[in-house]
Structures are given as C-alpha cells and as structure tokens.
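The values are calculated or read from the model by the stated rules, or taken from the named source; none is laboratory data. Please read these numbers as outputs of a predicted model, since none were measured by experiment. Counting neighbours? That spans all protein chains shown, and the Cβs are built from the backbone with ideal geometry, glycine included.
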Amino acid sequence: MNIPSVSGDEQAVGFYLRDYLESLGWTVELQAVSANQNNVIAYLNDTPRVFLSTHIDTVPPFIAATEDDEKIYGRGACDAKGIIASQIFAAEELRKQGVSDIGLLYTVDEEQGSSGAKAANLHPLADRCEFLINGEPTDNDLAIGSKGTFRLRIIAEGKAAHSAYPEMGESAVEKLLDILQDIRRTKFPDDDFFGETTVNIGTIEGGLALNVIPPRAEAGIAIRLTTKRAPVEALLEEIVEDRAKIEVLSCSEPVKMLEIEGFRQKVVRFTTDIPHLPNWGTPLLLGAGSILVAHTKDEFVLKKDLETAVDLYVNLVKKLLTT
Ligand SMILES: [Zn+2]
C-alpha cells in the first residue's frame with residue numbers, strides 16, 4: 001500500500017509484486033501494457049486451472065497506510081491491495097496443501113479503461129484457465145452478478161452572442177439543461193436479477209463568461225446498466241434527438257457469475273475487470289472490504305475480514321478444482 005500506484009503509475013508496485021512472488025518461489029511474468037505499466041502473472045506449473053485476480057492500480061490521491069488493532073487504513077486498503085494480500089496468502093496456503101494448478105493475475109488500469117485486463121485477455125495462459133476468481137470489495141460475499149457501466153458525453157452546440165441581445169445567439173447551456181432534465185425524468189429499463197438501472201450526471205461544463213450566450217456545453221454521464229446497452233442507448237437517442245451529440249466513452253455490459261452453494265451471495269452494482277477477461281474461463285467475484293469506503297479518503301479494511309477472505313479463497317479454489 002505504501003508504494004503509490006494511481007492508474008498510469010503502476011510500474012513500481014508491479015516490480016515489487018514480481019520480486020515478492022519470485023522470492024516465494026512462483027514463476028512470474030510481467031506483461032507489458034504500456035511503456036511503464038505491466039500486468040503481473042504468476043503460476044506454479046504449466047497447467048494453472050484457477051486464477052485469483054484483481055488490479056494493482058488505485059484511484060487518486062495516494063494515501064499512505066496506517067493501522068490500529070482492528071483496521072488498516074489508506075489507499076488500496078480494500079480496493080484492492082488488501083485483496084491482493086489475502087489472495088497471495090490463500091495461494092500460499094493452497095500450495096502448502098499440495099495444490100499447484102493455480103495462478104495469480106494482477107492487472108493495471110482497472111480504475112480507468114481496463115487496458116490491463118484487455119491485454120491480459122490475450123495472454124496464452126487464458127485459454128488454459130477454467131475459473132477466474134476476481135477480487136473486489138464485496139464484504140466477502142460471493143457476487144453472482146455485477147451491473148454494467150455505460151459512460152458517455154452529451155455535447156450541445158449553440159451560438160455565442162452578447163448576453164444583452166440573447167435573440168442573436170443560441171444557448172448551449174439551456175439546451176443541455178433541457179436534455180438533462182428529460183433524462184432525469186426518464187425511467188430506464190430494470191432487470192429482475194440485476195436490479196435498477198441508475199444514471200449519474202457526473203460532470204457539467206460549458207459557457208465562456210457570464211455575459212456571453214454559451215456556444216457549447218457538455219455533460220458526462222455514467223449509467224449503471226442492468227440490461228444490454230442497446231435499449232438504453234436507443235432511449236437516450238430518442239431523448240436527445242438532434243438537440244445534441246452523444247459521444248460514447250466506454251461500455252461494459254452486466255455480467256452473471258458462478259453461484260456456489262455454501263457462500264453468501266449477492267448482486268453488486270459496480271463494474272470490474274471481468275467483462276474484459278472473457279478468455280479466462282468462468283468468472284467469480286469475492287473480496288474483503290466494503291465498496292462504500294473504496295474511492296473515499298476513509299478507505300479501510302478490517303484485518304479479520306482479510307483473514308476470513310483467505311479461508312474463503314482457499315475453500316473456493318478447492319471446490320472449483322474438484323468439480
Ligand atoms: Zn477495485
């Protein structure tokens with residue numbers, strides 16, 4: 001945790017993980033994703049069937065680790081460096097018990113565009129892997145579904161004019177506000193399994209000065225998808241019509257994951273690397289910590305939850321390897 005690794009700056013933490021895992025006796029590969037970003041892939045033999053996986057990048061800002069008897073605080077405590085630690089301990093425990101068909105996959109850039117996962121998906125080991133246990137803070141519940149994320153920009157154009165003569169211009173801000181109000185009034189399709197589709201108008205930018213009719217305005221929107229992208233995009237196009245442009249930034253659709261008896265199960269609202277790792281076999285999702293403190297200045301994880309996660313991963317892997 002004390003090696004900063006905000007997305008784009010993961011090199012040092014990748015080198016650290018490589019050295020640490022090599023010192024434990026793992027075979028470690030660095031997979032280059034960009035000039036200074038490497039995925040870390042580790043295994044014990046040529047036939048790893050189950051991989052434990054999460055990401056090594058964090059959101060900004062870096063917050064150094066502190067701890068008390070109960071908790072570890074700081075950036076990455078639960079999202080996702082605590083999870084990395086619990087997965088490595090689980091893998092070591094499995095190794096002690098004679099299990100060697102396992103691997104570890106740590107990606108870069110999950111918090112941005114998942115470029116690490118997209119590169120990892122093309123790695124030759126993916127084809128041999130049957131199950132991918134991804135780690136994100138799920139409160140140690142087995143997530144059996146995760147919503148998708150559809151990110152887009154709506155860009156309205158107008159015509160600048162002196163604000164005293166508004167009839168000479170066309171306000172892009174007012175156009176955008178009308179569109180956003182229509183979006184807020186729209187009921188997007190829900191899904192029985194995944195739940196409610198929610199819309200966040202995350203950013204608004206526009207205008208030049210108080211006394212100028214604004215020629216341009218744009219809003220950034222993140223939609224948590226519970227259906228395929230198509231019906232939501234069609235609704236948006238119907239709302240926006242020719243009043244503005246829709247620019248799609250990224251999209252990952254909702255994913256169903258493996259259900260396993262004996263584990264607490266739930267659907268989570270956030271998106272993970274999993275949609276970008278389809279070649280790595282059947283996905284599962286479980287990790288210590290709460291998504292509600294991830295990405296906040298108060299991020300923490302309970303030490304006992306990390307220990308519980310170790311046991312859960314060990315049990316999960318053994319169950320998967322005997323199916
Ligand atoms: Zn995460």
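See the values below:
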{"item": "Residue 263, sole failed condition from (1) touching a helix residue (DSSP H, G or I) at 6+ places or on another chain (Cβ under 8 Å); (2) assigned to a loop (DSSP other than H, G, I, E, B); (3) within 25 Å of residue 112 (Cα to Cα)", "result": "(3)"}
{"item": "Residues (among the hydroxyl-bearing types (Ser, Thr, Tyr) and more than 16 Å from the ligand (Cβ to nearest atom)) located in segment 94-108", "result": "100"}
{"item": "Tally, over segment 9-51, of residues that are hydroxyl-bearing (Ser, Thr, Tyr) and crowded, with 23+ Cβ neighbours inside 10 Å", "result": "1"}
{"item": "Selection count where residues are in contact (Cβ under 8 Å) with a residue 60 or more places away in the chain and more than 14 Å from residue 156 (Cβ to Cβ), scope segment 198-229", "result": "7"}
{"item": "Hey, residue 136 within 16 Å of the ligand (Cβ to nearest atom) and of a type outside the set (Ser, Thr, Tyr) or not", "result": "yes"}
{"item": "Checking residue 42 against (1) more than 16 Å from the ligand (Cβ to nearest atom); (2) outside any strand (DSSP E or B); (3) within 21 Å of residue 288 (Cβ to Cβ), the condition it does not meet", "result": "(2)"}
{"item": "Candidates 117, 156, 126, 172, filtered to the one that is touching a residue at least 12 places away in the same chain (Cβ under 8 Å), under 30 Å from residue 10 (Cα atoms) and crowded, with 20+ Cβ neighbours inside 10 Å", "result": "117"}
{"item": "Checking residue 54 against (1) crowded, with 18+ Cβ neighbours inside 10 Å; (2) away from the ligand (no atom under 16 Å from the Cβ), the condition it does not meet", "result": "(2)"}
{"item": "Answer from 85, 91, 119, 64 - the residue that is within 15 Å of the ligand (Cβ to nearest atom) and either assigned by TED's automatic domain parsing to the domain that holds residue 268 or of a type in the set (Lys, Arg) (or both)", "result": "85"}
{"item": "Residue 259 vs. criteria away from the ligand (no atom under 16 Å from the Cβ), modelled with pLDDT under 95, charged (D, E, K, R) and crowded, with 16+ Cβ neighbours inside 10 Å", "result": "no"}
{"item": "Test: residue in segment 78-100 that is under 27 Å from residue 296 (Cβ atoms), crowded, with 24+ Cβ neighbours inside 10 Å, in contact (Cβ under 8 Å) with a residue 24 or more places away in the chain and of a type in the set (Ser, Thr, Tyr)", "result": "yes"}
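Residues checked against (1) assigned by TED's automatic domain parsing to the domain that holds residue 101; (2) more than 16 Å from the ligand (Cβ to nearest atom); (3) part of a strand (DSSP E or B):
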| position | (1), (2), (3) |
| --- | --- |
| 25 | yes, yes, no |
| 32 | yes, yes, yes |
| 60 | yes, no, no |
| 76 | yes, no, no |
